[in-house]
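Colleague: What follows is a structure written as structure tokens; I'll ask about it next.
The values are calculated or read from the model by the stated rules, or taken from the named source; none is laboratory data. Just so we're clear, the structure is a prediction, and the values are computed from it rather than from any experiment. Cβ placement follows ideal geometry from the backbone for every residue including glycine, while neighbour counts extend to all protein chains displayed. Each accessible area value is taken on the protein alone, full model and side chains, heavy atoms only, with ligands, DNA and RNA left out. Shrake-Rupley method; radii C 1.70, N 1.55, O 1.52, S 1.80 Å.
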Amino acid sequence: HALTSVTLPGSITSMSDRIFNNCEALTAIHIGHTTPLAIAAEVFGGLDQSAVTLYVPAGSLAAYQAAPVWSQFSHIQEE
């Protein structure tokens, strides 16, 4: 079965490079951090960020739209 959605809780402090590599079926990432984590661009290496919706906490949309790496998602929504 292919991974289609993932939830990253606010308790995570880092992510490995290319953690989402080859996750071609992924369409949604839910993130619990109100302030975007500082991450390397390679975290999403191999992932088509234009095909994935990034769901961020209410009130944090502008921060994610302006943050390095996170801003590369074409679709960012608050939830």
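Colleague: How much of the accessible area of the chain, probe 1.4 Å, is carbon plus sulfur, in whole percent?
Modeller: Working: 2210 of 4440 Å².
The nonpolar share, carbon plus sulfur, comes to 50 percent.
Colleague: Between Ile29, Ile39, Ile12, find the one with the highest GNM mean-square fluctuation for the chain; connect C-alpha pairs within less than 10 Å.
Modeller: The residue that fluctuates most here is Ile12.
Colleague: Can you check what the net charge comes to around Gly46, using other residues whose Cβ is under 15 Å from the Cβ of Gly46 (Lys, Arg +1; Asp, Glu -1)?
Modeller: -3
Colleague: Turning to a different aspect of this structure: Thr53's amide H: which non-local residues (gap 5+, or another chain) put their own amide H closer than 5 Å, with H modeled 1.01 Å from N in plane and none for Pro or chain starts?
Modeller: Ala28, Ile29
Colleague: Send over a whole-number figure in Å² for the accessible area per residue of segment 11-79, probe 1.4 Å.
Modeller: The answer is 53 Å² per residue.
Colleague: So, one more: Return the label of the correct value of Cα Rg over 2.2 N^0.38 Å, as calculated from the structure shown, out of (1) 1.11; (2) 0.99; (3) 1.03.
Modeller: Working out Cα Rg over 2.2 N^0.38 Å from the coordinates points to (2).
Colleague: Which parts of segment 34-63 would a label at Arg18 reach, counting a residue when its backbone N lies under 17 Å from a point 7 Å out along Cα-to-Cβ?
Modeller: It comes to 40-49, nothing else.
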